[in-house]
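> Before anything else, here's the structure in question.
No value in this document is a laboratory result; all are computed from the given coordinates. For clarity, every value in this text was computed on a predicted model and none was experimentally measured. No Cβ is skipped: glycine too gets one built from the backbone with ideal geometry, and neighbour counts run over all protein chains shown.
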Amino acid sequence: MMMTSVQWTVLGCGSSGGSPAIGCDCDTCRSDDARNRRTRCSAYVRIGDSGVLIDTGPDLRQQALREGIRRVDAVLYTHPHADHLNGIDDLRAFCYVKQGPVLLYGNDFTLDNIRRRFDYALAPPSPVWDKPVLHTELVTQPFMINGVSVTPIPLRHGGWPCLGWRIGDCAWLTDLSDIPDSSLPLLQDLDTLFLDCLRPQPYPSHLHLAASLDWAQRLAAKQTFLIHMTHQLEYHALSAQCPPGVAVAYDGLQLTF
Ligand SMILES: [Zn+2]
Ligand SMILES: [Zn+2]
Ligand SMILES: [Zn+2]
């Protein structure tokens, strides 16, 4: 059997404000190391010849241009916070290029929010494709894209029911404060884990550094990359605090399976 190649690109590993933060002069914000410049949290996953986004943050257009992304067939949504959703209108470029729709996968909570706020994007195409043309697809069970399994992972993000996504043996868990016991069997034998790590101090709806390192140890992926970081976490200082098997993600990081 032919193995489908899966290539991950971290489009953004910043928190809602991005780094540098507006109005800040801290070490991270003044750094000229590209690994301290973080756009809003998102990934692009090439599964065979299909292009899949995780979330559509407000930096989507610049991320797509930076990484040369020309094709998006589907979006796997984690939740409807602005930093993960509000770039949705820029999907129209991908619809226009292929003169076809983009599929949006998510839970009820997220898809209801999208239907309420972006109803114009769920209509049939106009003759000039001047709006996004999106179809929603509720998912509660694993499904396949080009022979690779895609699994929604229920997570808690403060009071919100959010999703992480596992594609093959790599999982993207952003924006979470807790992983329910019932999701743990879905996270076994991971090769790579991308994991929420907001800042040094605790925060009600996210993992902070100590909690993130605890979960990394507990989930025991072969390698874990920290994502969704504020400017309070400087790339080199944070890297020095990471145990073996844990590293700090950066925008543009690519992994191929
Ligand atoms: Zn977020
Ligand atoms: Zn700063
Ligand atoms: Zn969020």
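> Return a whole-number percent for the relative contact order of the stretch 123-257, with Cα pairs under 8 Å and 6 or more residues apart as the contact set.
Details: 227 pairs, mean separation 21.1, N = 135.
Here the relative contact order equals 16 percent.
> Shifting gears a bit: Restricted to Cα positions, what overall size does the stretch 158-197 have along the principal axes? Three whole-Å values, descending.
That works out to 29, 21, 14 Å along the principal axes.
> A further question on this structure: May I have the extent of the alpha carbons of the stretch 18-142 along their three principal axes, as whole Å values ordered from largest to smallest?
Principal-axis extents of the Cα atoms in the stretch 18-142, largest first: 47, 30, 29 Å.
> Give me the distance between the Cα centres of the stretch 1-41 and the stretch 117-173, rounded to whole Å.
22
> With unit charges on the beta carbons (Lys and Arg positive, Asp and Glu negative) and the dipole taken about the Cα centre of the chain, which residue among Pro58, Ile227, Gly18 sits farthest to the positive side?
Of the options given, the answer is Pro58.
> If you don't mind, another one. Please report, in debye to the nearest 20, how large the charge dipole of the chain is about its Cα centre when each Lys and Arg carries +1 at its beta carbon and each Asp and Glu carries -1 there.
Details: 21 positive and 27 negative charges, 81 e Å.
Its charge dipole is roughly 400 debye.
> Could you grab the relative contact order for the chain? Cα pairs under 8 Å, six or more apart, rounded to a whole percent.
Details: 582 pairs, mean separation 51.3, N = 257.
So the answer I get is 20 percent.
> Can I ask one more? Given R₀ = 22 Å, what would the calculated FRET efficiency be for Ala220 paired with Asp33, taking r from the Cβ atoms and rounding to 0.05? Walk me through the numbers before you get to the answer.
Working: r = 30 Å, r/R0 = 1.35.
In this case the efficiency is close to 0.15.
> Over all directions, what mean area does the Cα convex hull of the stretch 198-257 project, stated in square nanometres?
Numbers: hull surface 18.3 nm².
Spelled out: convex hull of the Cα atoms, projected over all directions, averaged, 4.6 nm².
> Dividing the convex hull volume of the alpha carbon atoms of the chain by its residue count, what do you get in Å³ per residue? Intermediate results must be reported in sequence, preceding the final value.
Values: hull volume 33.1 nm³, N = 257.
Convex hull of Cα atoms, per residue: 129 Å³.
> Computed FRET efficiency, Cβ-Cβ of Asn146 and Ala123, R0 25 Å: what is it to the nearest 0.05? Kindly include the intermediate steps, with their values, before the conclusion.
Details: r = 28 Å, r/R0 = 1.13.
For R0 = 25 Å, the calculated efficiency reads 0.30.
> Moving to a separate point now. Can you bin every Cα-Cα distance in the stretch 120-257 into 5 Å intervals starting at zero and give me the percent of pairs per bin, rounded to whole numbers?
2, 9, 18, 19, 16, 14, 9, 7, 4, 2, 0
> What is the gain in length, in nm to one decimal, between Asp189 and Ser5 on full extension, counting 0.36 nm per residue of separation less the C-alpha to C-alpha distance?
Details: separation 184, 0.36 × 184 = 66.24 nm, distance 1.88 nm.
So the chain would gain 64.4 nm between Asp189 and Ser5.
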